[in-house]
Amino acid sequence: MPIRIADNLPARRTLESEGVIVMGESEAARQDIRPLRIALLNLMPDKITTETQIARLLGATPLQVELELLRISGHVSKNTSAGHLAEFYRPWDEVRTEKFDGLIVTGAPVETIAYTEVTYWDELRQIFDWSQTHVHHTLTICWGAMAALYHFHGVDKHPLEEKASGVFPHWNRAPATPWMRGLPDVFDVPVSRWSEVRSADVPASAGLTVLAESDETGLSLLADPAHRALHMFNHLEYDTLTLAREFARDEGAYVPRHYFPGDDPKANPLNTWRGHGHILFGNWINQVYQTTPFDLADIGELVGA
């Protein structure tokens, strides 16, 4: 089934060129089904790239998805045009009375800053709390995952001496769970961060389950059933060239490991994680669909997966 996004969203043309089925509002209205309402709180500077990456994965699942783009109400983005934000994004204050089947919270380039010093930290904390009563299940990514873990469980992040950047093999620690079903025992995941969350800091009483981790870069994916959430510290949504663009942006300060063939930045990287991203996001959407109430009004009132 297709993903439902605005007719003139830039991501639409990209996805259609890739063969992803995209549905307009008029076509969606003719289908006598309730689409899954998924909100994307996009904290990344280049919002167009991130919304395209997430929409690509959601649009490949077999369910109709209605994607709602959200932004922090009191924060002004410096890297995305005001026109794009005004046309396609709704501030969180505007939707706080609405309910969603799923919420995705992206990363943000603030990993070296203490959480309490991030300008929108107070509002983000409100959004995390709001998700417990207005969202059936949440998927957090990179800094968004670290922030959620800190907010809900008091687990802080640790700065890295050098950036963890590259494509690293990860162990599938829970292959029988709905989230990891179909993923191989070892699978590649792009990593791009200046901080980490350590296994030793995760309290045993929190009820968190390690789903994936790397020998080189540590924790990657945690299940948080008490808060109906998955916390993913890395980037299965990344495009083939995302790490190459970051390498160029940072003027070659580091070479992403296991990414360029032969670790040669002049060589074209190969995407070895695309299928893994589709499986994980497909599993998440399927589990949301299987467990969410039919009536949106019941979200937050019933215990979900």
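The values are calculated or read from the model by the stated rules, or taken from the named source; none is laboratory data. This is a predicted model, so every value here is computed, not measured. Neighbour counts run over all protein chains shown; Cβ positions are idealised from the backbone, glycine included. Only protein heavy atoms, including side chains, enter the accessible area calculation; ligands, DNA and RNA are left aside. Shrake-Rupley method; radii C 1.70, N 1.55, O 1.52, S 1.80 Å.
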Counting just the residues of the stretch 46-55 that are out of contact with any helix residue (DSSP H, G or I) (no Cβ under 6 Å at 6 or more places or on another chain) and among the charged types (D, E, K, R), which one comes out least open to solvent (accessible area, probe 1.4 Å)? LYS47
Return a yes/no flag: does the stretch 257-273 have any residue that is of a type in the set (Phe, Trp, Tyr) and not in a loop (DSSP other than H, G, I, E, B). no
Just to be sure, is ALA114 over 19 Å from the mean Cα position of the chain (by Cα), closer than 28 Å to TYR289 by Cβ and of a type in the set (A, V, I, L, M)? no
Top-ranked residue in the stretch 254-303 [being touching a Lys or Arg at 6+ places or on another chain (Cβ under 8 Å) and more than 29 Å from VAL186 (Cα to Cα); ranked as least open to solvent (accessible area, probe 1.4 Å)]: ILE299
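This table checks each residue for (1) open to solvent by less than 50 Å² (accessible area, probe 1.4 Å); (2) at pLDDT 95 or above; (3) small (Gly, Ala, Ser); (4) closer than 28 Å to ALA212 by Cα.
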| site | (1), (2), (3), (4) |
| --- | --- |
| ALA86 | no, no, yes, no |
| LYS99 | yes, yes, no, no |
| ILE127 | yes, yes, no, yes |
| HIS151 | yes, yes, no, yes |
Single residue of ALA39, ALA11 found to be within 30 Å of LEU124 (Cβ to Cβ), modelled with pLDDT of 95 or more and either open to solvent by less than 10 Å² (accessible area, probe 1.4 Å) or part of a helix (DSSP H, G or I) (or both): ALA39
Let me confirm something: among ALA244, ALA212, ALA223, ALA248, which residue is among the small types (Gly, Ala, Ser), touching a Leu at 6+ places or on another chain (Cβ under 7 Å), under 19 Å from ARG193 (Cβ atoms) and free of Cβ contacts under 8 Å to residues at least 60 places away in the same chain? ALA212
Do you know which residues across the stretch 56-84 are more than 21 Å from THR14 (Cα to Cα) and buried (at least 17 other Cβ atoms within 10 Å of the Cβ)? ARG71, ILE72, SER77
Report, ordered by the first and then the second residue, all pairs with beta carbons closer than 7 Å, sequence separation of six or more or different chains, a first member in the stretch 181-205 that is farther than 14 Å from LEU219 by Cα and charged (D, E, K, R), and a second member that is open to solvent by less than 60 Å² (accessible area, probe 1.4 Å) and at pLDDT 95 or above. ARG181/ASN283; ASP185/ASN172
Criterion violated by GLN53 - all others in (1) assigned to a helix (DSSP H, G or I); (2) over 23 Å from PHE128 (Cβ atoms) satisfied: (2)
